[in-house]
Amino acid sequence: MLTLAFDTATEVATSALVDDGEVLGERLSRAQTLLEDVDALLRQGGAHPSDLGALAVGIGPGSFTGVRIGLAAARGLAVALDLSGAGVSTLDALAAGAPGAMPVIDARRREIFAVVGGEPRVLEPADLRVAAGTLCVGSGAVRYRALLEEKGAFVPPDDDERHLPRARFHAALAGALGPVDAIDPLYVRLPDAKKAAR
């Protein structure tokens, strides 16, 4: 099945066209150019939008705006092309690209998103517990490299591709397909409006 996968939750948006596990094309850009990337991927793969069989979309955690852009694009494509899809955690995609690593996403506001106790959490970088020698990947690992390395973690060079939630892993991790409008974002952090209401 021809699957279009993308993730716009982090600073670098990733997209891929995958046919039964074979990557036909992959792009790195920004959330704002996602639809241009989709068009380029289809041309590169010699495919037409009607050839698509499914969508795999990153649900975060990450940038609120980035996550919303990705989900809105997925919903628009699903309606226009009558596609089903699956949501994939950005943290899970990072982990798939670096087996055994701890995925760490920059959450801004001097915080990070990471998996703690098997669940995605938002926390201050100093509060992240890592064992000596732990491989840390992602935008948060790059930003807080010095702190993580002080704790004994290993962070690959900034330009290492393991720091990106490659869309090919979203396609591989996509579970059961369903209505794209039922895919919920994974925000982890409470929206500012809800914090103010408390």
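The values are calculated or read from the model by the stated rules, or taken from the named source; none is laboratory data. All values derive from a computational prediction rather than experimental measurement. We place every Cβ from the backbone using ideal geometry, glycine too, and count neighbours over all the protein chains shown.
Just a few scattered comments:
- For segment 3-24, a residue qualifies if it is at negative phi and surrounded by fewer than 19 Cβ atoms within 10 Å (Cβ to Cβ), and the qualifying residues are E11, V12, D19, E22, V23, L24.
- For D181, the conditions (1) part of a helix (DSSP H, G or I); (2) outside the structural domain of S29 (by TED's automatic domain parsing); (3) not polar (S, T, N, Q) are fulfilled apart from (2).
- Which numbered condition R27 fails, given (1) surrounded by fewer than 17 Cβ atoms within 10 Å (Cβ to Cβ); (2) touching a strand residue (DSSP E or B) at 6+ places or on another chain (Cβ under 6 Å): (1)
- Criterion violated by V130 - all others in (1) within 17 Å of S89 (Cα to Cα); (2) of a type in the set (A, V, I, L, M); (3) outside any helix (DSSP H, G or I) satisfied: (1)
- Filtered residues of segment 1-29 (kept if of a type in the set (D, E) and assigned to a strand (DSSP E or B)): D7, D19, E22, E26
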